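The values are calculated or read from the model by the stated rules, or taken from the named source; none is laboratory data. It should be emphasised that the depicted structure is a prediction, and the values quoted were computed from it without experimental measurement. Using ideal geometry, Cβ is built from the backbone for each residue, glycine included, and neighbour counts are taken over all protein chains shown.
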C-alpha cells in the first residue's frame, strides 16, 4: 500500500502477537543410519581389539627371539639311531672269530660325547662329527669291562673308525658283601616266629600250584571280583627267611613279647623248572612278602614282589580290566 506521495506505507505490525518460535518438522528417520554405523563400529572394535593385541605380542616375540640353529645330527632321534649303530658295531666286534672277549656281551650303554671332525679340503660345508659311544661289557666269571667305539658321523651315515678297547671295571672289594644291608629303612627288625615259615611255605605251594582259586584262598582275599595269577611250570623248595620287618600298628604296644599285625619277610627259594629238571645246582629266587595277621597263630601272605617292591594287601589281585 502506497501513500499519496508514492512512498510505501508500512503496515502497523503488533510484535506482541507474533509467536516466539515456529514449529520445525523433524524427520523421524534422520540420524538412524549414523547411529547404526557407530554401533557396528564399536562392536567390531571390541571383537578385533584382543586379536590385534595377540598379533602384536606374537610378532614381538618372533622379532626378539633369536633363531634356533638346526641341531642336525645331534638331535635326540638321530643320536638314538647312532647309539644303536654303535652298539651293533660293538656286538659284531665281540662276535668276530676269534672273539676279542670270549663269552662277552653288551649289558649297558653309558653315554656319548662328540666334537666336530677335522675339515677336509673341498668339503668345508659338509657337517662331519666324531662321536664316541661308551658301553659296559660282561664276561664269564662275573668280570666286567668298559669299552667305547668312535664313529665318524656324516650326512651319509655313521662309520666306525677302529676297533674298541677293553678297560676292566673294578669288582667289589673283598668282604664288601659280608655285612648285610637292612632293606627297609625305618622299619624295626624282628625274629621270624615259626608261624611265618609255615605261612611262607603255604603261599609258595599255592603260588606255584597252577590253580588261581587255591592261590586266592591262600591269600584270603574276601573280594569275589578279584583273582590271582599263579606261577606255572616251576616248583619252589627250601624256603629261607633272610630278614623280617615289623609293621606295627599305631595302637600297638611295642613290647618284647608283642607281635606286629603285619610284617615284611624277605625269603629265597630254590627253583626247579619242569622243562629243565633237577640238576646238581639249582638257581634261587628272592621275594619280598607282606604278611597279614602277623600277630596271630595263622598269618597269611597277602602281597608279594621282587626285593624292594612297595607291597599293599591284595596288591597282586587282577580283575577283568587288569591288575589293580
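Based on what the data block shows, is residue 263 surrounded by fewer than 16 Cβ atoms within 10 Å (Cβ to Cβ) and modelled with pLDDT of 90 or more?
Details: surrounded by fewer than 16 Cβ atoms within 10 Å (Cβ to Cβ): no; modelled with pLDDT of 90 or more: yes.
Judged against the criteria, residue 263 is not a match.
Scanning the range 151-168 for residues that are in a strand (DSSP E or B) and surrounded by fewer than 16 Cβ atoms within 10 Å (Cβ to Cβ) yields 152, 154, 157, 159, 167, 168.
Looking only at the range 214-236, filter to residues that are exposed (fewer than 15 other Cβ atoms within 10 Å of the Cβ) and touching a residue at least 12 places away in the same chain (Cβ under 8 Å); which one of those is nearest to residue 302 (Cα to Cα)? For the range 214-236, the residue satisfying everything is 220. Scan the range 232-251 and give yes if some residue there is assigned to a loop (DSSP other than H, G, I, E, B) and within 17 Å of residue 291 (Cβ to Cβ), otherwise no. Yes: one or more hits.
Residue by residue, here is whether (1) surrounded by 10 or more Cβ atoms within 10 Å (Cβ to Cβ); (2) in contact with a strand residue (DSSP E or B) (Cβ under 8 Å, 6 or more places away or on another chain); (3) modelled with pLDDT of 80 or more holds:
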| residue | (1), (2), (3) |
| --- | --- |
| 21 | no, no, no |
| 31 | yes, no, no |
| 34 | no, no, no |
| 55 | yes, no, yes |
| 59 | yes, no, yes |
| 76 | no, no, no |
| 82 | yes, yes, yes |
| 90 | yes, yes, yes |
| 100 | yes, no, yes |
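In this structure, does residue 291 turn out to be closer than 14 Å to residue 204 by Cα and in contact with a helix residue (DSSP H, G or I) (Cβ under 8 Å, 6 or more places away or on another chain)? Before the answer, list the steps.
On the way: closer than 14 Å to residue 204 by Cα: yes; in contact with a helix residue (DSSP H, G or I) (Cβ under 8 Å, 6 or more places away or on another chain): yes.
Answer is yes for this residue.
Could you tell me whether any residue of the range 191-203 is more than 20 Å from residue 294 (Cβ to Cβ), part of a loop (DSSP other than H, G, I, E, B) and either touching a strand residue (DSSP E or B) at 6+ places or on another chain (Cβ under 6 Å) or not assigned by TED's automatic domain parsing to the domain that holds residue 305 (or both)?
no
Among the numbered conditions (1) under 30 Å from residue 224 (Cα atoms); (2) over 35 Å from the mean Cα position of the chain (by Cα); (3) in contact (Cβ under 8 Å) with a residue 40 or more places away in the chain, the only one that residue 304 does not meet is (2).
Kindly indicate which of 255, 286, 296 is in a strand (DSSP E or B), on the phi < 0 side of the Ramachandran plot and surrounded by fewer than 17 Cβ atoms within 10 Å (Cβ to Cβ).
Within the list 255, 286, 296, the selection yields 286.
Among the residues of the range 258-283, not one is in a loop (DSSP other than H, G, I, E, B) and touching a helix residue (DSSP H, G or I) at 6+ places or on another chain (Cβ under 8 Å).
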